[in-house]
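Have a look at the structure below before the remarks.
The values are calculated or read from the model by the stated rules, or taken from the named source; none is laboratory data. These figures come from a predicted structure and were not determined experimentally. Using ideal geometry, Cβ is built from the backbone for each residue, glycine included, and neighbour counts are taken over all protein chains shown.
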Amino acid sequence: MKRSVNFAWGLYAIAAVTANAADVYPAKPIRIVVAYTPAGTTDILARAIGQKLTEAWGQPVIVDNRPGANGNIGTEYAAKATPDGYTLLMTTAAPHGVNPGLYRKLGFDAVKDFAGISLVATVPNVLVVNNNMPVKDVKELIAYLRANPGKVNFGSPGYGSTGHMSTELFMSMAGVKMNHVPYKGDAGVLADVMAGQISLSFSNMPAYTPQIKAGRVRALAVSTSKRSPAAAEIPTMAEAGVQGYVAVAWFGLLAPANTPRDIVNKLSAETARILKMPDVHSRLSDLGAEPVGSTPAEFDAHIKAEIVKWAKVIKDANVELQ
Amino acid sequence: MDLSAVFSNLILGFTVAMSAQNLMYCFIGCLLGTLIGVLPGIGPVATIAMLLPITFNLPPIPALIMLAGIYYGASYGGSTTAILVNLPGESSSVVTCIDGYQMGRQGRAGPALAIAALGSFFAGCVGTVLIALFGPPLAELAFEFGAAEYFSMMVLGLIAAVVLASGSLIKAIGMIVIGLLGGIVGTDVNSGIARYSFGVSELSDGIGFVSVAMGMFGFGEIISNLGQTSETKNVEVSKVTSLMPSWEDVKASIGPIMRGTALGTVFGILPGSHTVIASFSSYTLEKKLAKDPTRFGKGAIEGVAGPESANNASAQTCFIPLLTLGIPTGAVMALMVGAMTIQGIAPGPQVMTQKPDLFWGMIASMWIGNLMLVILNLPLIGMWVQFLKIPYRVLYPSILLFIAIGAYSINNSPFEVYMAALFGFFGYYASKWGCEAAPLILGFVLGPLMEENLRRAMLISRGDPSVFFTRPISLGMLLVSFALLLMVVLPQFQKKREILEVADD
């Protein structure tokens, strides 16, 4: 990291001889790579930021969807892009949190190949159970799971997904065991928890909020340190009895490493400004996301902390991929 | 069922959908969907993904009405290419290729396209009425389906796939097995480990349907046509007899359309990519019911009418779980969830009660969209048929170019283009050896779903296989599969199944 930063400064020094890179930036369209399909949360966030960047700077911002392999394909692609500030990446807690500890071989280095611009938003996870589960809160759930070790099925949107890892973290912190049933995506899990094919799930909150409000599934806790404004009646994990449990889904903007520092800073300041706009704020809240906005240094530190945290969960639960 | 409430709701819906603005967006959606969906290699998912951003700045109701229009247009566009140039836009139109393309080669592309449009319109009307009357209770049906039921349904589907083949039974089974093996490539759902990906990260999500379909049907067909002399082919397609179906055609199609609609409505409600099961179970049914099953695979109009109606009926009813429960049943519906989310609507049970104008407006616009599709497409048939008169030296390179663009646009990566080319060579040799592509593609699509559900059912039952026999719906489907298997196998012993050595194959 340090070396690449020094290298970046070196490049910047050369660039600075001719012109200050940030003064003329952006001089052409900017591309934000999204390693997921259109209309997902990552894509929506990238488009929301992109639209406001266009309004502010008068250059088109194109969202480039390169989905596949749990976000790894698009992330690898962005890591190898020219570090000139014209290719950015909207990342998530998968490629820049869970995946480095999960995959033995990745085509990118989540820390060394990227320069953080800003944490954009966080989305809480919510612990939901089927209505027929004889538990009303997390304490009763833990007691029930202790009485029936390994007999309860939990669903996740995929092996190694943040939903899976959040449940592993819950099991290790609460000292309970459940049977993992992986799906391909959120929709299958949601339908099967509602139908009672599986008993519970830890998933991104937005998809579940309408079902919780309609009384089709029972929410026991949110995974954030504070209650979510979207459903303030649901307690946090800490309030519900699992002290210190925090596992949020997050989304952030990155540039390839060696992108000129002043361009990164300019993007970071603009992103933070955009995230404070009332219309952006309400658009993100509708998604169940909380806008954040941070400095490059804060975001780099966040990514490092996330990688360390998930690597430990992966090691404890023994779920590393070959 | 409170009929007067439904009636007043439908009036609300039509008031919303018939506003000049919404009619216009519905029309634009159908038109754009048809125009883009008709490009080879670009199916409904790719079309919607591509056009989604243009709806971002519209208000919610016009945006969703337009997207639904795009979806119908793209689905119909996919059938058009299946009939004209043997290129299925999505897995469910693979079946349309079988007889639709043969009809086209016999100069009957017009009737094939017209019957597809009329059958789809009828199915769309029935689907819309069903949603209006029984939407919420029908949605609950999906909850009766767990992993065990889906597995048994896939077993039924694969056995039915054997019936699809008009040639040798052994070759059909061989192609299904190759398809199943191809479907294994990719990340294992239960362990997250990549299988047969050889370290290529693009393969970690499996081989894409579009590359296989474009390769096997598109590239393969073009290569094998190059082997023929150009005179024979141009004669073949220039004798376009008539654009509209004859009264005999219509009479032959009524039954298949009704049965296809019934099958399609049922399968559309169930989550997963089951439109493909709807369309080819309709084909299987028509082939079994036909007085002369040997006509199938050689341009039987029933083989177009049934599957196309089934396809469109399920395209309607798959909106039921989305609109009433907020559960997407496939990739297209997942994109609709995204579109609703962007508009600030959280898909879920509350949409119907909190936004009745949106809910009923969409239902009414479904019907209007289907009507527009017929109005739009019947006059276009003449134009589409003209395409077949384009000399092959111009038509083929353009098709190849469009396939390459379509394959590239899936993930914005050249990898899919290489895969399509690879499958093109395989498709060419397969057709030389008399092996048909349709069973392979069905094995390829259903295999991963079957494996996923088998293993999920076993995980949930803690390794007890009796779940497949103790759950009534699952047992019922396994029994039907067994009966179907007997029907396929028994004639083998009585008289050696006639291997149809078709002259031109």
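Is it true that B:A334 is closer than 18 Å to B:G77 by Cβ and small (G, A, S)?
Here the answer is no, as B:A334 does not meet what is asked.
Do you know which of the residues in segment B:92-144 that are among the acidic types (D, E) and surrounded by fewer than 22 Cβ atoms within 10 Å (Cβ to Cβ) is nearest to B:G13 (Cα to Cα)?
Just the residues of segment B:92-144 that are among the acidic types (D, E), to begin with: B:99, B:140, B:144.
In the following step, the residues that additionally are surrounded by fewer than 22 Cβ atoms within 10 Å (Cβ to Cβ) were identified as B:140, B:144.
Values: B:E140: 23, B:E144: 30 Å.
Here the answer is B:E140.
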message: Based on this model, can you work out whether B:G406 counts as within 12 Å of chain A (Cβ to nearest Cβ) and buried (at least 24 other Cβ atoms within 10 Å of the Cβ)?
response: no
message: Given the condition within 19 Å of the chain's Cα centre (by Cα), among the hydroxyl-bearing types (S, T, Y) and part of a loop (DSSP other than H, G, I, E, B), answer yes or no: does some residue in segment A:92-115 qualify?
response: yes
task: For B:L395, indicate whether it is under 21 Å from B:N225 (Cα atoms) and over 24 Å from the mean Cα position of the chain (by Cα).
output: yes
Residue pairs meeting the criteria (Cβ under 8 Å; at least 6 apart or on separate chains; first within 12 Å of B:L113 (Cα to Cα), in segment B:376-405; second β-branched (V, I, T) and modelled with pLDDT under 80): B:V385/B:V240
- line: Of the listed residues (A:R283, A:R218, A:R261, A:R227), the one being within 11 Å of another protein chain (Cβ to nearest Cβ) and over 17 Å from the mean Cα position of the chain (by Cα) is A:R283
- prompt: Taking segment B:324-350 as the region of interest, how many residues are farther than 24 Å from B:L449 by Cβ and more than 8 Å from chain A (Cβ to nearest Cβ)?
  reply: 3
query: How many residues does segment A:231-240 hold that are touching a strand residue (DSSP E or B) at 6+ places or on another chain (Cβ under 9 Å) and more than 15 Å from A:V138 (Cβ to Cβ)?
result: 1
- prompt: Does any residue of segment A:160-174 turn out to be crowded, with 20+ Cβ neighbours inside 10 Å, more than 19 Å from the chain's Cα centre (by Cα) and of a type in the set (D, E, K, R)?
  reply: no
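Would you mind listing the helices (runs of 4 or more DSSP H) fully within segment A:257-322 where at least 2 residues are within 22 Å of A:W57 (Cα to Cα)?
By residue number, A:261-276, A:278-286.
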- prompt: Which ones in segment A:27-51 are more than 10 Å from every other protein chain (Cβ to nearest Cβ) and not in a helix (DSSP H, G or I)?
  reply: A:A27, A:K28, A:P29, A:I30, A:R31, A:I32, A:V34, A:A35, A:Y36
field: Qualifying positions in segment A:61-89 - more than 12 Å from chain B (Cβ to nearest Cβ) and part of a loop (DSSP other than H, G, I, E, B)
entry: A:K80, A:A81, A:T82, A:P83, A:D84, A:G85, A:Y86
- line: When restricted to B:A313, B:A305, B:A300, the only residue buried (at least 24 other Cβ atoms within 10 Å of the Cβ), under 30 Å from B:I61 (Cβ atoms) and either within 14 Å of another protein chain (Cβ to nearest Cβ) or hydrophobic (A, V, I, L, M, F, W, C) (or both) is B:A313
task: Residue by residue through segment A:157-183, note down the ones that are hydrophobic (A, V, I, L, M, F, W, C), more than 11 Å from A:F202 (Cα to Cα) and within 13 Å of chain B (Cβ to nearest Cβ).
output: A:M178, A:V181
- line: Counted residues in segment A:230-243 being surrounded by fewer than 16 Cβ atoms within 10 Å (Cβ to Cβ) and either under 19 Å from the mean Cα position of the chain (by Cα) or of a type in the set (S, T, N, Q) (or both) come to 1
- line: When segment B:435-487 is checked residue by residue, the ones that are polar (S, T, N, Q), farther than 20 Å from B:G206 by Cβ and either outside any helix (DSSP H, G or I) or touching a residue at least 60 places away in the same chain (Cβ under 8 Å) (or both) are B:S461, B:S466, B:S474, B:S481
- prompt: Looking at (1) closer than 25 Å to B:F444 by Cα; (2) among the hydroxyl-bearing types (S, T, Y); (3) more than 14 Å from every other protein chain (Cβ to nearest Cβ), can you tell me which one B:T294 breaks?
  reply: (1)
- prompt: Looking at B:L67, B:L58, B:L10, which one is among the aliphatic types (A, V, I, L, M) and within 30 Å of B:I403 (Cβ to Cβ)?
  reply: B:L67
field: In segment A:191-208, residue nearest to the other protein chains (Cβ to nearest Cβ) [restricted to those that are outside any strand (DSSP E or B) and touching a Leu at 6+ places or on another chain (Cβ under 9 Å)]
entry: A:A191
- request: Working only within segment B:181-228, note down all residues that are of a type in the set (S, T, N, Q) and in contact (Cβ under 8 Å) with a residue 60 or more places away in the chain.
  value: B:N190, B:S211, B:S224, B:N225
query: Take the residues of segment A:196-215 that are over 20 Å from A:T162 (Cα atoms) and surrounded by 21 or more Cβ atoms within 10 Å (Cβ to Cβ): which is nearest to the chain's Cα centre (by Cα)?
result: A:Q211
- prompt: How many residues does segment B:1-54 contain that are part of a loop (DSSP other than H, G, I, E, B) and either of a type in the set (D, E, K, R) or touching a strand residue (DSSP E or B) at 6+ places or on another chain (Cβ under 9 Å) (or both)?
  reply: 1
field: Of residues in segment B:227-283 being among the acidic types (D, E) and under 19 Å from B:I98 (Cα atoms), the one modelled with the lowest pLDDT
entry: B:E236
- request: Would you be able to tell me the number of residues in segment B:324-334 that are in contact (Cβ under 8 Å) with a residue 60 or more places away in the chain and crowded, with 24+ Cβ neighbours inside 10 Å?
  value: 4
- request: Taking B:G348 as meeting all but one of (1) buried (at least 24 other Cβ atoms within 10 Å of the Cβ); (2) modelled with pLDDT of 80 or more; (3) farther than 27 Å from B:S93 by Cβ, write down the number of the exception.
  value: (2)
query: Can you name the number of the only condition in (1) over 13 Å from the mean Cα position of the chain (by Cα); (2) more than 14 Å from chain A (Cβ to nearest Cβ); (3) within 29 Å of B:G146 (Cβ to Cβ) that B:L270 fails?
result: (2)
message: Tell me whether segment B:372-390 contains one or more residues that are over 17 Å from B:G110 (Cβ atoms) and surrounded by fewer than 19 Cβ atoms within 10 Å (Cβ to Cβ).
response: no
task: Give the residue that is surrounded by the fewest Cβ atoms within 10 Å (Cβ to Cβ), with candidates limited to residues of segment B:204-224 that are away from chain A (no Cβ under 14 Å) and not hydrophobic (A, V, I, L, M, F, W, C).
output: B:S224
